[in-house]
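The values are calculated or read from the model by the stated rules, or taken from the named source; none is laboratory data. Since this is a predicted model, take the numbers as computed values, not measurements. Every residue, glycine as well, gets a Cβ built from its backbone with ideal geometry; the counts of neighbours run over all protein chains shown. Note: areas computed on protein heavy atoms with side chains; ligands, DNA, RNA excluded. Shrake-Rupley method; radii C 1.70, N 1.55, O 1.52, S 1.80 Å.
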Amino acid sequence: MQPDDLKALVRTVPDFPSPGILFRDITTLIAHGPGLSATVDHLADLAHQAGAEALAGMEARGFIFGAAVAARMGLGFVPIRKPGKLPVPTIGVDYELEYGTDRLELDPTAIPQGQRVVMVDDLIATGGTALAAAELLRTAGAHLTHALFVIDLPDLSGASRLREAGLTVASVMDFPGH
């Protein structure tokens with residue numbers, strides 16, 4: 001399946017979570033076996049081109065695609081977690097949200113120094129979570145140069161913010177608006 005076929009599998013929910021927002025719901029994409037498989041194939045091709053030695057994904061939807069891509073490529077997966085989810089010592093980074101702050105953590109022993117890690121998530125919007133994850137991976141010693149997404153919302157400029165932080169950004173599809 002080509003990206004336009006996959007794009008047709010993404011459900012758009014108007015006015016969620018607030019009026020004027022067009023929520024891009026991947027539930028319909030991941031429920032469609034051939035669509036999910038094709039999406040993973042597209043991401044795996046991009047990760048291969050980036051020279052991935054491991055994949056990393058942010059909780060929770062980044063786990064779906066990142067782990068699937070890692071398995072498809074026969075590589076390891078590094079989970080980037082919400083606070084308090086890992087039973088071992090972690091490193092973390094706090095970051096700003098629209099209305100407050102959040103935190104991401106990871107087990108620093110999951111990444112050998114200098115390992116070429118490619119970051120994967122379902123969607124890039126404003127880029128705050130992805131920028132925090134990139135900072136965390138780099139702090140842990142990852143050689144991080146690429147971030148891959150199923151969906152880009154280019155009007156929200158998240159991909160541009162990641163490029164300004166030195167990352168090459170690619171997505172399987174994009175949707176105008178927000």
Conditions (1) more than 18 Å from the chain's Cα centre (by Cα); (2) modelled with pLDDT under 95; (3) surrounded by 13 or more Cβ atoms within 10 Å (Cβ to Cβ); (4) not aliphatic (A, V, I, L, M); number of the one not met by THR126: (1)
Matching residues, region 135-152, being of a type in the set (Gly, Ala, Ser) and either surrounded by 24 or more Cβ atoms within 10 Å (Cβ to Cβ) or within 10 Å of the chain's Cα centre (by Cα) (or both): ALA142, ALA147
Conditions (1) under 28 Å from ALA142 (Cβ atoms); (2) part of a strand (DSSP E or B): number failed by LEU29: (2)
Residue in region 95-112 that is within 25 Å of MET173 (Cα to Cα) and open to solvent by less than 60 Å² (accessible area, probe 1.4 Å) present: no
Residue tally, condition touching a residue at least 60 places away in the same chain (Cβ under 8 Å) and open to solvent by 10 Å² or more (accessible area, probe 1.4 Å), over region 50-66: 4
Any hit, region 7-19, residues being closer than 21 Å to VAL118 by Cβ and not hydroxyl-bearing (Ser, Thr, Tyr): no
Inter-residue pairs, beta-carbon under 8 Å, first free of Cβ contacts under 8 Å to residues at least 60 places away in the same chain and part of a loop (DSSP other than H, G, I, E, B) and in region 99-124, second of a type in the set (A, V, I, L, M, F, W, C) and surrounded by fewer than 20 Cβ atoms within 10 Å (Cβ to Cβ), 6+ apart: ASP107/LEU86; ASP107/VAL88
Boolean, GLY166 is touching a residue at least 24 places away in the same chain (Cβ under 8 Å) and either surrounded by fewer than 23 Cβ atoms within 10 Å (Cβ to Cβ) or among the hydroxyl-bearing types (Ser, Thr, Tyr) (or both): no
Selection within region 40-66 - under 13 Å from the mean Cα position of the chain (by Cα), in a helix (DSSP H, G or I) and of a type outside the set (A, V, I, L, M, F, W, C): ARG61, GLY62, GLY66
Whichever residue in region 1-49 is of a type in the set (Ser, Thr, Tyr) and closer than 17 Å to LEU156 by Cβ and, among such residues, is surrounded by the most Cβ atoms within 10 Å (Cβ to Cβ): THR12
